[in-house]
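The values are calculated or read from the model by the stated rules, or taken from the named source; none is laboratory data. This is a predicted model, so every value here is computed, not measured. We place every Cβ from the backbone using ideal geometry, glycine too, and count neighbours over all the protein chains shown.
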Amino acid sequence: MALLMHLGARAQSDVAFTNYWALQSYYNPATSGLDGKLSLQGAYSMQMMGFENAPATMYVGVDMPVYFIGPRHGVGIGLINDEIGLFSNKKFYLQYAYHQPLWGGKLSIGARGALLNESFDGSKVDAAESGDPVFASSQVNGSGFDLDAGLRYTYKNKWYAGLSAMHVLAPTVKLGDDKVHQVNYEPNFYATAGYTFHFRRPEYVLYTTGILRTDLLAWRGDITARMAYNGEKIKLYGGVTYSPTVSAGILLGTTFHGINIGYSYEMYTGGIGALHGTHEILLGYSTDLNLFKKGKNKHQSVRIL
């Protein structure tokens, strides 16, 4: 990866999580509070394993409906930390969504404000070997403000389609006290869709999803199929994912008492080897949060459990 230069550098694309289907609130703010539950999602992605200074990304997000101003509103909060070599990229965001019943489904519109923080550890650069005196020679930091927006239509529990954009403001983050180093962000656009197949035996469900990402210079598409068994006591799923010209992978997971634990392995097809892929761990929790439904959110005293 090219080092940060005096004339500025174009920021890398946002991370492509293998479990994008479970991180809907990250890719599209319009999904906040859509399912009427308090949802906590976390993911840790270790990419290009075996390479020195390989990328590693951590994400944590929470979203929920806001019933005290009506069931059509949702809010969310999240943090993503992306480490790539000597670069550290952090994003903290707050988001809001409005859900309007339409044609038997729901039309959702969402927006979020984000604080970006960029840092580059120039103290680990051997400037003599680089041959360029304009490399930062110490740790430099900077921050900027950004906006994301999204639109989604969900038809019952059958299918959905959405569009979203990150880095709408195309911010430039300047680093260091002298502000001569900078990272330039360009808008990234996403199209998502999903269709659920139900069978005669209701405990078996096939989930198919897809995502297309582009910054108008390059693109990546992913399609995923997950077969799920939703039993009374335990829920299991397994699936495959494929990104043309990029990778193929497998997914496994289970859900119990509202806790979802998942694992995926993404193998790149570009020639770097099957063992240098991406390991990703998924951890989530969700629970009903409608305070106005009878019997919901009742809690027993610990003395009578």
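A few notes on this one:
- Matching residues in region 31-57 - criterion: being in contact with a Leu (Cβ under 8 Å, 6 or more places away or on another chain) and within 20 Å of ALA114 (Cβ to Cβ): GLN41, GLY42, ALA43
- Test for LEU34: is it at pLDDT below 90, crowded, with 22+ Cβ neighbours inside 10 Å and not basic (Lys, Arg): no
- Of the residues in region 233-247, none is in contact with a helix residue (DSSP H, G or I) (Cβ under 8 Å, 6 or more places away or on another chain), at negative phi and assigned to a strand (DSSP E or B).
- Counted residues, region 164-203 - those being more than 22 Å from TYR242 (Cα to Cα) and either in a strand (DSSP E or B) or touching a Cys at 6+ places or on another chain (Cβ under 9 Å) (or both): 11
- Options GLY61, GLY70, GLY78; residue that is more than 21 Å from TYR185 (Cα to Cα), at pLDDT 90 or above and of a type outside the set (A, V, I, L, M): GLY61
- From the list GLY253, GLY238, the one residue that fits, being surrounded by 20 or more Cβ atoms within 10 Å (Cβ to Cβ) and either farther than 30 Å from PRO101 by Cα or under 17 Å from the mean Cα position of the chain (by Cα) (or both), is GLY253.
- Qualifying position, being surrounded by 22 or more Cβ atoms within 10 Å (Cβ to Cβ) and in contact (Cβ under 8 Å) with a residue 24 or more places away in the chain, among TYR67, TYR96, TYR44, TYR26: TYR26
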